[in-house]
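Each reported figure results from applying straightforward, stated rules to the coordinates on display, with no laboratory input. Remember, predicted model here, so these are calculated numbers, not experimental data. As a convention, Cβ positions derive from the backbone with ideal geometry for all residues, glycine included, and neighbour counts pool all protein chains shown.
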Amino acid sequence: MTDLSALLETLRPQLLRYARLQLRNPAWAEDAVSETLLAALEKPEAFAGRAQPKTWLIGILKHKLVDQVRRHARECSTGPDDEDGAVEEQLFDETGHFRERPADWGDPQASLGQQQFLAVLDACVEKLPNQLGRVFLMREWLELDTEEICKELAVTPTNLWVMLHRARLRLRECLQLNWFGERRTAP
Amino acid sequence: MILRRSCREAARLITARLDGPLPLADRVALRLHLMACDACPRFDRQMRWLHTAMGRWRASADAGALRENE
């Protein structure tokens with residue numbers, strides 16, 4: 001049992017990084033990871049018997065992350081911040097037109113095949129402002145549907161829609177800048 | 001008139017489409033806009049690209065292949 005415990009402890013730092021990325025709060029992340037490791041320790045045969053124990057462990061973590069979100073929903077603000085709206089102002093002029101034509105990113109497979117790309121995308125996800133990042137990963141990693149997210153966070157569909165939109169615009173901007181080349185919009 | 005949308009509005013519909021089907025009026029308005037606009041079809045492709053990329057990110061995260069050593 002101590003072997004399993006020691007093994008799980010070596011995975012704790014990575015689980016913490018994941019949890020912090022989703023929750024954007026170190027204390028909640030600690031709780032989620034501790035609960036995950038405890039749950040795994042309760043089922044040593046399940047851990048040992050798997051071809052991919054790490055995947056199983058992360059599956060547990062994702063459930064614990066949803067629990068944490070639920071538990072702390074009221075401490076998260078319920079709508080988009082004004083300053084998060086800046087990304088839209090950068091992209092569109094007063095008449096609602098793109099200031100610059102979006103670039104052609106070509107075939108995704110060309111980029112997705114490169115290990116470096118995932119690291120850049122990951123860094124861009126991390127750079128999202130906390131609230132946008134939380135909501136974006138609830139959708140894109142925890143794969144909650146929009147109704148569930150609205151329910152868990154007590155936000156309106158419209159507010160969620162705006163936050164997801166801004167998160168995606170920011171990610172797009174970050175990739176444009178850090179992967180595809182120079183910044184294409186006005187500073 | 002209600003069907004004519006700006007790129008700014010079309011962009012919102014394009015990202016919203018990733019999360020579920022649009023209401024009929026929005027769907028029609030977006031299709032019309034994409035036919036008439038130079039920039040938005042490119043933005044649409046970028047958003048689909050991003051969606052595909054996040055699928056890969058997710059697979060990598062689920063396998064514990066991200067953030068292994070920091």
message = Sort A:108-115, B:49-56 by the packing proxy (mean of other Cβ within 10 Å over each peptide's residues), most packed first.
response = B:49-56, A:108-115
remark   = Of B:16-25, A:9-18, A:133-142, A:23-32, ordering from highest average Cβ density within 10 Å down gives A:133-142, A:23-32, A:9-18, B:16-25
request  = Starting from the Cα of B:Leu24, step 7 Å along the direction of its Cβ; do the same at A:Ala119; then give the gap between the two resulting points in nm.
outcome  = 5.2 nm
remark   = Set A:Lys64/A:Lys127; A:Lys54/A:Lys151; A:Lys62/A:Lys151, cut-off 26 Å on Cα-Cα distance; pairs above it are A:Lys54/A:Lys151
inquiry  = Going by amide H atoms built from the backbone, whose H comes under 5 Å of the H on A:Phe92, apart from near neighbours?
reply    = A:Arg99
request  = Output the lone cysteines of chain A: those with no second cysteine's C-beta under 4.7 Å from their C-beta.
outcome  = A:Cys76, A:Cys150
Chain A, helix-only ellipticity at 222 nm - DSSP H runs n ≥ 4, -39,500 (n - 2.57), divided by all residues, nearest 500 = -21000 deg cm²/dmol
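Counting only helical runs of four or more DSSP H residues, what would the 222 nm mean residue ellipticity of chain B come to if each run contributes -39,500 (n - 2.57) and the total is spread over all its residues? Display every interim value, and only then the final one.
On the way: 3 runs with 46 residues, N = 70.
Calculated at 222 nm, the ellipticity per residue is -21500 deg cm²/dmol.
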